[in-house]
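A short write-up of the structure that comes next.
The values are calculated or read from the model by the stated rules, or taken from the named source; none is laboratory data. A quick note: this is a predicted structure, and the numbers were derived from the prediction, not measured. In this analysis, Cβ positions are derived from the backbone assuming ideal geometry, glycine residues included, and neighbour counts consider all displayed protein chains.
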Amino acid sequence: MIGADIISLFAILGDAGMLLAMAVIILVDGVGFPTIPEVWMVFIFGTHPSSFAWGASLVLVSTLASLGGNFTLYSFVKMVKMPRRIERIMKRYLNFIIVHDERVLLLNRAAPILPYTGAFMAVSNWNLKKCALYLFVGAMAKSSLVVAIAWLSFDNLRAEVAPWVSLGLVLTVLLISLTASFIYRKRAGLRGVPERSQ
């Protein structure tokens with residue numbers, strides 16, 4: 001798995017290396033190569049499970065890396081100019097979703113309905129300040145939730161079991177999010193294209 005390779009690459013640098021590995025995993029995920037960063041966040045948090053500063057650092061690094069990954073993809077799409085056919089498909093997909101504007105970035109953290117968010121930001125010509133705000137708030141909330149789940153598991157369970165319980169809880173949250181996304185898309189498709197949000 002790409003996440004394990006990235007962690008092993010930076011592990012020699014100690015704690016700074018673990019934070020750097022988390023940033024790279026999230027950057028790679030934000031650019032469009034799925035790495036399931038929540039899973040790796042649990043294991044990286046497990047290196048210092050009783051440290052509040054470590055958890056806060058992990059949340060901050062994860063949030064900033066999420067912004068970086070999305071804006072890297074945004075810049076790339078703006079630079080290379082997306083083919084018109086793909087732009088039309090992306091806009092049609094966006095119209096399929098009830099929320100059509102920057103707010104979908106916030107919704108996307110709870111139910112991943114919009115892949116390649118940086119590309120959608122570029123194609124839709126969204127307000128970058130709003131995008132940054134929604135991405136920041138969403139990433140901060142999701143990273144905080146993952147770290148809180150991991151902290152509770154490590155705090156209340158034996159060290160050998162805690163990472164696996166945390167991982168199970170995080171995967172459950174991800175599965176619920178994906179299921180909600182599927183149901184949301186299916187219901188939106190049955191109702192047709194809704195009115196555009198303001």
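Structural remarks
- Reported count of residues in the range 101-139, each being basic (Lys, Arg) and at pLDDT 90 or above, is 2.
- Residues (buried (at least 20 other Cβ atoms within 10 Å of the Cβ) and β-branched (Val, Ile, Thr)) located in the range 98-122: 104, 113, 117
- Where a residue in the range 118-146 is among the basic types (Lys, Arg) and its partner, wherever it lies, is part of a helix (DSSP H, G or I), with Cβ under 6 Å and at least six apart: 142/109
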